[in-house]
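Scroll down for the structure; my scribbles are underneath it.
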Amino acid sequence: MKIKRIETAYELAKEQYAELGVDTDAVLEKMKEVVISLHCWQTDDVGGFETPDASLSGGGIQATGNYPGKANSIEQMRQDLGKVMELLPGKQRLNLHATYGEFFGKKVDRDEISVENFQGWIDWAKEQKTGLDFNGTYFSHPKADSGFTLSSKNEGIRQFWVEHMKRCREIGAEMGKQLGTPCVHNTWIPDGMKDVPIDRNGYRALLKKSLDEGYEKEVSKDYLKDAMESKLFGIGAESMTVGSHDFYLGYAIKNNKLICLDNGHFHPTEQVGDKISACLQFVDEALLHITRPVRWDSDHVVTLNEEVQLIASEIARNNFFNRVNIGLDFFDASINRIGAYVTGTRAAQKAFLIALLEPTKKLLEWEENEHYFERLALLEELKAKPFGAVWDYFCLLNDVPAGENYIQEVQQYEKTVLSKR
């Protein structure tokens, strides 16, 4: 796409938005606050590198498809991540799971992992001038096969996972300390029951006990932010999920933790966009996992849809950028993984751009004066405004391919890199 054409289209778009009282130059400056944490597991189908042939199993998680070009080593993963970041405007972070450490050919169980196993990632992040986030991995492990980890009634198993959590927090804190930006440490567990349980309370009491033990060591929020992620149900845990939204929200409020909202982890009629302002009345910060739940928690590649737009709009309308940590969570192995990565991330970024281009002051004025027809009409007219021209200019300013030009970049990367694996 020619630079002159992009600049001309932007100037025309700028005039249209100015008529609504929106300063597009200021919006592009505000986009610097939209920092998205990229989920590393899109590059390798949530496999990780605990063992040379590591593959996903258990926990109700599954990446479908077998498209060629999967990252089979940390070196290949970093190469792929570098390419992804080349094709994204704005700022990004990287979100790691505990199974993505460097284990140097040794068997390092999850209650034994340490900063040593992630120092390579910290050094990589320094080179990239970016931050890291971190997740404990409570699935794909023999001690998770019973369906219970932090809520297990087997004390040995429970303590194993508590130790894993403690070590993950230590690793995350060191990431934040070395990189000078707080690491968001997220905890999600698959614990639950396939059929109707009798002792829901007992399992939740154990989960609370485990969290209390895991969080016992105080860590400065300058280095580490602790989050917890709920789920409605999982495969093999259809009748009861120990870590429900009610449980974690209560715990987060009482203990000043972050609540993680994954828009694939709720009933299809619930909207995470509606939950953001509700939760932020009672917790200081929240964490988002933006995904596309085609059939509940199917983790499809994010697209620019109404659900994602509501999430972005709620954050932009209330200027919650310093209170909401934006992350992604999807994994598609049926198409080019790098293309999926870039497409999904750019879709999320577009949603935030559209949200910031909204004449919120005018819409709010009509709303408070009960001019609901006018509010609805303008919201509809905004859908036809040339936000794409502003997006292309945003890409141009960030020296990344505008419009559909990134498709060719991904195709070339597949030809020269992915096809040779």
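Numbers for the structure displayed
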quantity	calculated
Failed item in (1) within 17 Å of Glu229 (Cβ to Cβ); (2) in contact with a helix residue (DSSP H, G or I) (Cβ under 8 Å, 6 or more places away or on another chain), with Lys275 passing the rest	(2)
Matching entry among Lys362, Lys385 (being assigned to a loop (DSSP other than H, G, I, E, B) and more than 13 Å from Leu87 (Cα to Cα))	Lys385
Any hit, the stretch 272-280, residues being over 19 Å from the mean Cα position of the chain (by Cα) and surrounded by fewer than 21 Cβ atoms within 10 Å (Cβ to Cβ)	yes
Options Thr43, Thr8; residue that is over 20 Å from Phe352 (Cβ atoms) and surrounded by fewer than 21 Cβ atoms within 10 Å (Cβ to Cβ)	Thr8
Number of positions in the stretch 405-421 that are under 26 Å from Thr24 (Cα atoms) and either among the β-branched types (Val, Ile, Thr) or free of Cβ contacts under 8 Å to residues at least 12 places away in the same chain (or both)	0
The stretch 165-192 residues that are over 21 Å from Ala286 (Cα atoms) and surrounded by 24 or more Cβ atoms within 10 Å (Cβ to Cβ), paired with ones that are modelled with pLDDT under 95 and aromatic (Phe, Trp, Tyr) (beta carbon under 8 Å, 6 or more apart)	Gly192/Phe233
In the stretch 133-143, residue modelled with the highest pLDDT [restricted to those that are assigned to a loop (DSSP other than H, G, I, E, B) and more than 17 Å from the chain's Cα centre (by Cα)]	Tyr138
Filter result (charged (D, E, K, R) and within 14 Å of Ala98 (Cβ to Cβ)) within the stretch 145-170	Glu163, Lys166, Arg167, Arg169, Glu170
So Ser230, is it modelled with pLDDT under 95 and either among the acidic types (Asp, Glu) or within 21 Å of the chain's Cα centre (by Cα) (or both)	no
Answer from Ser151, Ser146 - the residue that is buried (at least 21 other Cβ atoms within 10 Å of the Cβ), in a loop (DSSP other than H, G, I, E, B) and among the small types (Gly, Ala, Ser)	Ser151
Count of residues meeting criterion [touching a strand residue (DSSP E or B) at 6+ places or on another chain (Cβ under 7 Å) and of a type in the set (A, V, I, L, M, F, W, C)] in the stretch 141-172	3
Qualifying residues in the stretch 286-306 (those that are buried (at least 20 other Cβ atoms within 10 Å of the Cβ) and of a type in the set (Asp, Glu)) - the one farthest from His97 (Cα to Cα)	Asp297
Helices (runs of 4 or more DSSP H) wholly inside the stretch 232-325 that include at least 3 residues being over 28 Å from Lys383 (Cβ atoms)	245-255
Thr130 modelled with pLDDT of 95 or more, in a loop (DSSP other than H, G, I, E, B) and farther than 30 Å from Gly243 by Cα	yes
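Residue by residue, here is whether (1) in contact with a helix residue (DSSP H, G or I) (Cβ under 6 Å, 6 or more places away or on another chain); (2) under 30 Å from Lys32 (Cα atoms); (3) without any contact (Cβ under 8 Å) to a residue 24 or more places away in the chain holds:
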position: Ile113; (1), (2), (3): yes, no, no
position: Gly120; (1), (2), (3): no, yes, no
position: Thr130; (1), (2), (3): no, yes, no
position: Thr137; (1), (2), (3): yes, no, no
position: Ser140; (1), (2), (3): no, no, no
position: Gly147; (1), (2), (3): no, no, no
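The values are calculated or read from the model by the stated rules, or taken from the named source; none is laboratory data. This is a predicted model, so every value here is computed, not measured. As a convention, Cβ positions derive from the backbone with ideal geometry for all residues, glycine included, and neighbour counts pool all protein chains shown.
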